[in-house]
Amino acid sequence: MSTEWHRVTTLFTAALGVKPEARGDFLANACDGDPELLAEVESLLRSHCDAADFLKDSAVMEVADRVIAERTLPQGTFLGVQYEIESLIGSGGMGDVYLARDTRLNRKVAIKLLPFSSADTLDRVLNEAQIVSALNHPNILTLHDIGSTEKGERFIVSEYIDGTTLREKIGSLSVEEIVEISCQVSSALSSAHSAGVIHRDIKPENIMIRSDGIVKVLDFGIAKLAADSQEVRRLDPQTDAKNNNSMLLGTVNYMSPEQAAGEVADLRTDLFSLGVVMYEMLTCEVPFAGTDSADLVDQIATKTPEPISHFRKEVPPALLSIVEQCLEKKRELRFADAGELADALVSVSTGDSLHAPASGNRIAKFLPKNHKTGSGKSLLGMRPIWGIGAAGVLVIALLVMNVPNYLTQPQAVAPQPESPKQEPPPASEAYQSYLRGKFLWNKRTGDDLKKAITEFERAVALEPDFSLAYVGLADCYSVLEFYTGTPAGEALPKAKTYAEKAIQLDPGLADAHATLGNIYYGMWQWNRAEQELKRAIELKPGYEKTYQYYYLLLRDTGRPNEAIEQIKTARDLAPVSLVINVSYSRSFLLINDYENCLKATKDLIGLYPQYSSNYVTLGYALLGQDKKDEALAAFEKAVELERTGQTLMALGYASAISGSTEKANALVNELEQRYPRREALGREIAAVYAGLGDHEKAFSWLEKDFESRSTELSTISYLPPFNSIRETPRFQELLRRMGLPAN
Amino acid sequence: MDPGASTQMLKEWSNGNALVLEELVPLVYMELRKQAARYMRRERPGHTLQTTALIHETYLKLVDQRQTDWKNRAHFFGISSKIMRRILLDHARSKSSEKRGGGAINISLDEEFTAAQDPKSVDLIALDEALDRLAAIDEQQARIVELKYFSGLSLNETAEVLKVSRTTVANNWNVAKAWLYRELTR
């Protein structure tokens, strides 16, 4: 700095300390004989007065904006054809996470863009992610889809969790909450481990707490990607020898001794990391924090953590010893598996030490009263979600019902007693194929069903005794007519053979009996269907799918009151299931209770405003009340949302009976054109003709369905569009030929 | 991110290993981005971003607290201020080249008008050049501007980082601001 500038600065500062009116004199004095200096300081003082707001707010906010904007997908960008980016919600070593909208299903989703990796690694990782998601475990993030951008980047679409990460909760958790969170994480781990997937990167950032207290574990299988990520490698130039580079940066604090030593991780590795998380939840400190990575690795291998009681007094001794056991250096000394850890945690939570009255909003309310039996109900009306992992893998297949193209939705699932025979040794190749099959089956598209069949076939080829895989095959074939147009006459006998095979292998397998019951229903063998469904209920009373199937059977066979009972039971078991709720809302039509039908349907529309079937139900109820104009509006809305045989039939029929013959004719034409493409069913065409009064055509189309043994032709026994012809002798004869009760 | 590694890099950088800066910049940048994303998510309308928190948390994430001495901290803020300055400059340059190039057609009169009218809007390119000239006259004053404006540090924090008194920072900040303002309004 020049001495001149130094003088300027000093004088400027001094002048600012003088009252403005005295500055002139002060400066004239101070700059005596140096007009240049005087001019400079005066000029700067003038600038100073004008610059009150200049650089006042720091640029950090703008930098944050820029940093975010750069490399960030702008709002409105589409990934694939259906995902529209809304905003960036997270960023980490494993890529950026966006909130996006699935425009096809009109729901929020989270999208993670994965870092570039070799195709092999990606496939392996995504495979594991799919396997874990297929477990349908309530504490594991549900994966919806996997896609690639135009540039070839892969992305994972999953459910959007409205909540915060555990990281943000640390410091404000009660002991009860800590136990509850640990329980739910153990449950997720137990389930994933049984499918042969180790998380490898359990840390507070990978655990989310939903606003209703449900814990979700994220990123199963994905931790592996880190090892392959170029970016991570570049940023970790001095990976030390002990610390093999398969370890994620930033998570070293949660690493187990075996990972630190570069050994292969196993399921007990996750238990150690969970122990670190539990320790941190209790103390707000990580148990091992070295001065650098070498020191940290050393501590993990040798240091006994500072006792938790030094940080927090009120921790029950049982919980202290659980954390200690998780943090054992030798794997053999830890819990044998996550189920054992979960059991230990449950006994803490039900022990006296925690029996202090729980406040209403505590997440501890999700704790089961009766571990593994699932008999208690939580305040939210959901079944306790706990205990599933320990009980083994549950198969929660989505339900087959008479609504084509229905959505798959995450469901609340109830713990089920499982017979031990149902599972082959965990993590076998067959089992992994099976889980992939379940994942594909849940997606319910023609292509995915075919792929699912391949996976299930592979599973039974590897493990010929794998009864659940046969049920998977049976399920796939039983819905094939809907999704691929394969005639029911071809698909159902195959489905039946597979279901029977499963029962032969394991006569006590409720899933197999339920599926077989539903297949018999599709084959119009009503008595046999009922027999199987009753057997399934006997074997597994908490399995909502069976009640849903039973509802369909009773509905079509003219037993409305019993049908309603069944669907109510299904709904109690799975209160948030969309398919069950659609059936429930429709069940009121069976007893002409339009008031309740409207109420239930409107509630459902509030939850799923884009789901076309709900507007069809709404329209039928309004027709029942003779509100034709309103009914037409509802059907129009349904068609607008989704142009399917079902929606076109409803609108066509309603148009016909309201005198819009021209419109009805146009719609029936459209349906007839769809028929050869298998995009409409004979009965859907028949319904419009029935409305138009053309009984001849109506019956000839019904005959077509009859000849092809169309799976759910029996729905004509209750569907409102057939009301006008139902009492005719020809219709009654058709019912008789199907074995249905007739006059 | 392993704090040990970046602390080590900071040390090496301060010992004169300029190559390390190349490693450090993307690392700081990535962490900054991560923290910024967290803030964006947490921000709700009506709350203002606590600007210094952003840079502080980035610092906490990147630098191992156990081995922190003032030197490290000063280095870190020195680097992050430079990085932030660069981010803004790059953005301003790309925007201005858009305006001069074909992109000009797309910019509505309204936009140009509001930009010119906003008293807080600063011509970042001119500011950058002026800051370089200031550094030639008085390096410390230029650093004060960097720390306060680009990293959002308070007077006290800036004083801590530069190991001078708060008064010194305040006095130099005032004169530097006045000087820069005059440069930009000539």
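What FRET efficiency comes out for B:SER154 versus A:GLU263 if R0 is 60 angstrom and r is the Cβ-Cβ distance? Round to the nearest 0.05.
On the way: r = 48 Å, r/R0 = 0.80.
About 0.80, to the nearest 0.05.
Using a/c under 1.5 as the rounded threshold, could you call the stretch A:567-652 rounded, prolate or oblate? The axes a ≥ b ≥ c are square roots of the C-alpha gyration tensor eigenvalues, and prolate needs a/b larger than b/c, oblate otherwise. Mind showing how you got there, number by number?
On the way: a/c = 2.06, a/b = 1.36, b/c = 1.51.
Because a/c hits 1.5 or more and a/b fails to exceed b/c, the stretch A:567-652 counts as oblate.
Of the GluC sites (Glu not before Pro) found in the stretch A:264-346, those in coil by DSSP whose Cβ has at most 12 other Cβ atoms within 10 Å are A:GLU314. When A:VAL276, A:VAL639 are sorted by how many other C-beta atoms sit within 10 angstrom of their C-beta, beginning with the fewest, the order is A:VAL639, A:VAL276.
Going by C-beta contacts inside 10 Å, put A:SER2, A:SER47 in order with the fewest on the left. Working shown, then result.
Values: A:SER2 10, A:SER47 20.
So the ranking, lowest neighbour count to highest, is A:SER2, A:SER47.
Here the 3J(HN,Hα) profile of the stretch A:641-657, calculated from phi with Karplus coefficients 6.51, -1.76 and 1.60 at θ = phi - 60°, is 6, 7, 8, 10, x, 4, 6, 5, 4, 4, 5, x, 4, 5, 4, 4, 7 Hz, Gly and Pro shown as x. Would the stretch A:425-577 count as rounded, prolate or oblate if I go by the C-alpha gyration tensor, calling it rounded below 1.5 in a/c and otherwise prolate when a/b exceeds b/c, oblate otherwise? The shape class here is prolate.
When the C-alpha to C-alpha distance is required to be over 23 Å, the pairs from A:LYS108/A:LYS545; A:LYS451/A:LYS704; A:LYS494/A:LYS540; A:LYS602/A:LYS697; A:LYS438/A:LYS704; A:LYS494/A:LYS545 that qualify are A:LYS108/A:LYS545; A:LYS451/A:LYS704; A:LYS494/A:LYS540; A:LYS602/A:LYS697; A:LYS438/A:LYS704. When both the stretch A:704-719 and the stretch B:147-186 are represented by their alpha-carbon centers, they are found 82 Å apart.
Beyond 23 Å in Cα-Cα separation lie the following of the pairs A:LYS450/A:LYS496; A:LYS568/A:LYS637; A:LYS19/B:LYS177; A:LYS151/A:LYS216; A:LYS450/A:LYS568: A:LYS568/A:LYS637; A:LYS151/A:LYS216; A:LYS450/A:LYS568.
Using the Cβ atoms and a cut-off under 10 Å, what net charge is assigned to the surroundings of A:GLY619, where Lys and Arg are +1 and Asp and Glu are -1?
Working: positive: A:LYS627, A:LYS628, A:LYS637; negative: A:GLU630, A:GLU636.
So the environment of A:GLY619 carries a net charge of +1.
Can you tell me the order of A:664-672, A:22-30 when each peptide is scored by its average per-residue count of other Cβ atoms within 10 angstrom, highest first? All intermediate terms of the calculation are to be shown ahead of the outcome.
Numbers: A:664-672: 19.4, A:22-30: 13.2.
Put in order of decreasing packing, that is A:664-672, A:22-30.
Neighbour counts of C-beta atoms inside 10 Å place A:MET649, A:MET61 in the sequence A:MET61, A:MET649, starting with the fewest. Net charge in the neighbourhood of A:THR515 (other residues with Cβ under 11 Å of its Cβ; Lys, Arg +1, Asp, Glu -1) is -2. Averaged over the residues of peptide B:164-176, the number of Cβ atoms from other protein chains lying within 10 Å of each residue's Cβ is 3. Electrostatic tally near A:ILE322: other residues with Cβ closer than 12 Å to its Cβ, Lys and Arg +1, Asp and Glu -1, net -3. In this rough spin-label picture, where each label sits 7 Å from Cα along the Cβ direction, the A:ASN596-A:GLN504 distance is 4.4 nm.
A short reminder: the numbers here are calculations on the coordinates, not readings from a lab. Computed from a predicted structure; not experimentally measured. All Cβ positions, even for glycine, are placed from backbone atoms using ideal geometry, and neighbour counts span all protein chains on display.
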